[in-house]
Amino acid sequence: MKIYIKYDINVACRTILQEQLEKLGIHFDMNESGEIQVLEVISLEDNIQLQANLKRYGIDILSDQKSQLIQRIKNVIMDMIGREKLPASKISLYLAEKMNMNYSYISTLFSEYTHSSIENYIILQKIEKAKKLLLQELSLTEISYILNYSSVAHLSGQFKKTTGLSPSVFKKIIDGRKRKIYTT
Amino acid sequence: MSEEEEKMNIILADDDEDDRDVFRQAIEELGLNVNLLTFETGDDLLDYLFDPEIIELPHILFLDLNMFCVKYENCLNEIRKREKLRDMSIAIYSTSTAEKDIHETFIGGANIYISKPNDFQVLKKSLREVLKINWQFHTSGLSKDTFLFSI
């Protein structure tokens, strides 16, 4: 026996989306063009579940999960560098463990979406912290210890490479700006 | 909106037409998702930036060190005085590589100093570096107060 069907792809899609979101108890609004506005923060577990459920219908959530992941990677890095002393373990191992993910996956994803490699991002963040410490009058020896640089030369070299300026010139400029603000 | 979809807004202010063309070409060849707006005079630039109607400010402004202004005395100074423009990075480019000039430009409030290269490929490479690092500052909430980059 043959049956003939007629269907409206828009209605089908909207219904699937509605059912799947409701299944996970996610509150949302859907407009005419099918844009979905989620009214709360979705947990990572729910997000992965939703993505998997929708995948069966050939529906993909666009990049949003990836941007969330990128943000988490950044948070882990910032948290790590924000500590009093950087952890002694290798940063790739530390990240993989904290994210509970394969490092090469994290690293590829990061480069793909941020215009920067994860290594460069970490260096940038470390140099940002070095700037802060420098302005708090810490010596380069102290700063290289805190940030796990093998030597002052290594720290200075990376500082120069990242900013184009040596640490002492950097400090002079910032001090010069402060004086300018006071005197004008 | 995710980072890779967000457009980078760039402004270039340079009174030399050839330099503007070269700059535009270099930016285009980088293949980034960019909006480029150009100005020929410092006055036009500042009138634009100070217009209260403007909602979308550029992520970065490339400004020729010797940009000519009539209405305003010093472009860099005027911009840095405005609270509304605090988050906008300013890249000054100049043919001078004298340390004194670099120093003074930074103290005057620039974030980036580019020594104008004569070679097109070098210019492209410098611009790529500048845009990359500026994007990191923009998307990662890093402090613009201590953002200095010399290339």
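Partners of B:Lys124 within straight-line reach, counting aspartates and glutamates whose Cα lies under 15 Å from its Cα and excluding those fewer than 8 residues away in the same chain: B:Asp19, B:Asp21, B:Glu28, B:Glu29. The HN-Hα couplings worked out from phi for the stretch B:44-51 by the Karplus form 6.51 cos²θ - 1.76 cosθ + 1.60 (θ = phi - 60°) are 4, 4, 5, 4, 5, 5, 8, 5 Hz, whole numbers, x standing for Gly and Pro. Annotation: lysines with alpha-carbon distance below 26 angstrom to A:Lys6 (same-chain offsets under eight excluded): A:Lys55. Can you work out D for the stretch B:1-110 in µm² s⁻¹ from Stokes-Einstein, where Rh is the Kirkwood radius over C-alpha pairs, the temperature is 20 °C and the viscosity is 1.002 mPa s? Estimated via Stokes-Einstein, D reaches 145 µm²/s.
Enumerate by residue number the trypsin sites (Lys or Arg not before Pro) in the stretch B:4-87 meeting two conditions: DSSP loop (anything except H, G, I, E, B), and at most 13 other Cβ atoms within 10 Å of the site's Cβ.
Listed in order of number, the matching sites are B:Lys7, B:Lys71, B:Arg82, B:Arg86.
How far, in degrees from 0 to 90, does helix A:9-23 lean away from the longest principal axis of the Cα atoms of chain A, to the nearest 10? The answer is roughly 60 degrees. Taken one residue at a time, the phi angles of the stretch A:46-56 give Karplus couplings (6.51, -1.76, 1.60, θ = phi - 60°) of 4, 4, 5, 4, 4, 4, 5, 4, 6, 4, 4 Hz. Gly and Pro are set to x. Dipole size of the protein assembly as shown about its Cα centre, with +1 on Lys/Arg Cβ and -1 on Asp/Glu Cβ: approximately 1680 debye, rounded to the nearest 20. Which of the GluC sites (Glu not before Pro) across the stretch B:1-84 are loop residues per DSSP, with 11 or fewer other Cβ within 10 Å? Passing sites in the stretch B:1-84 are B:Glu5, B:Glu53, B:Glu56, B:Glu73. Taken about its Cα centre, chain A carries a charge dipole of roughly 1140 debye when the Cβ of each Lys and Arg holds +1 and the Cβ of each Asp and Glu holds -1. Students often get this wrong, so check it: of A:Lys66/A:Lys98; A:Lys172/B:Lys125; A:Lys161/B:Lys125; A:Lys180/B:Lys100, which have C-alpha atoms separated by over 20 Å? As for pairs spanning more than 20 Å Cα to Cα, those are A:Lys172/B:Lys125.
In whole angstrom, how far apart do the alpha carbon centroids of the stretch A:1-54 and the stretch B:29-56 sit? For the stretch A:1-54 versus the stretch B:29-56, the Cα centre distance is 41 Å.
Under unit Cβ charges (Lys, Arg +1; Asp, Glu -1), what dipole magnitude, rounded to 20 debye, does chain B have relative to its Cα centre?
On the way: 16 positive and 31 negative charges, 126 e Å.
It works out to roughly 600 debye.
Principal semi-axes of the equivalent ellipsoid, √(5λ) from the alpha carbon gyration tensor of the stretch A:22-142, are 37, 16, 13 Å from largest down. Put simply, the amide H of B:Phe149, placed in the peptide plane, has neighbours under 5 Å in B:Ile112, B:Tyr113, leaving out anything fewer than 5 places away on its chain.
Classification of the protein assembly as shown by its C-alpha gyration tensor yields an oblate form. The axis ratio a/c (a ≥ b ≥ c) is 1.5 or more, and b/c is at least a/b. Here is the list for the stretch A:35-74: trypsin sites (Lys or Arg not before Pro) lying in DSSP coil, each with at most 10 other C-beta atoms within 10 angstrom of its C-beta, are A:Arg56.
All of the numbers you see were taken from the coordinates with simple rules; none came from a lab. Predicted model, so just to flag it, every value in this text is computed and none were measured. Glycine also receives a Cβ, built like all others from the backbone with ideal geometry; neighbour counts cover every protein chain displayed.
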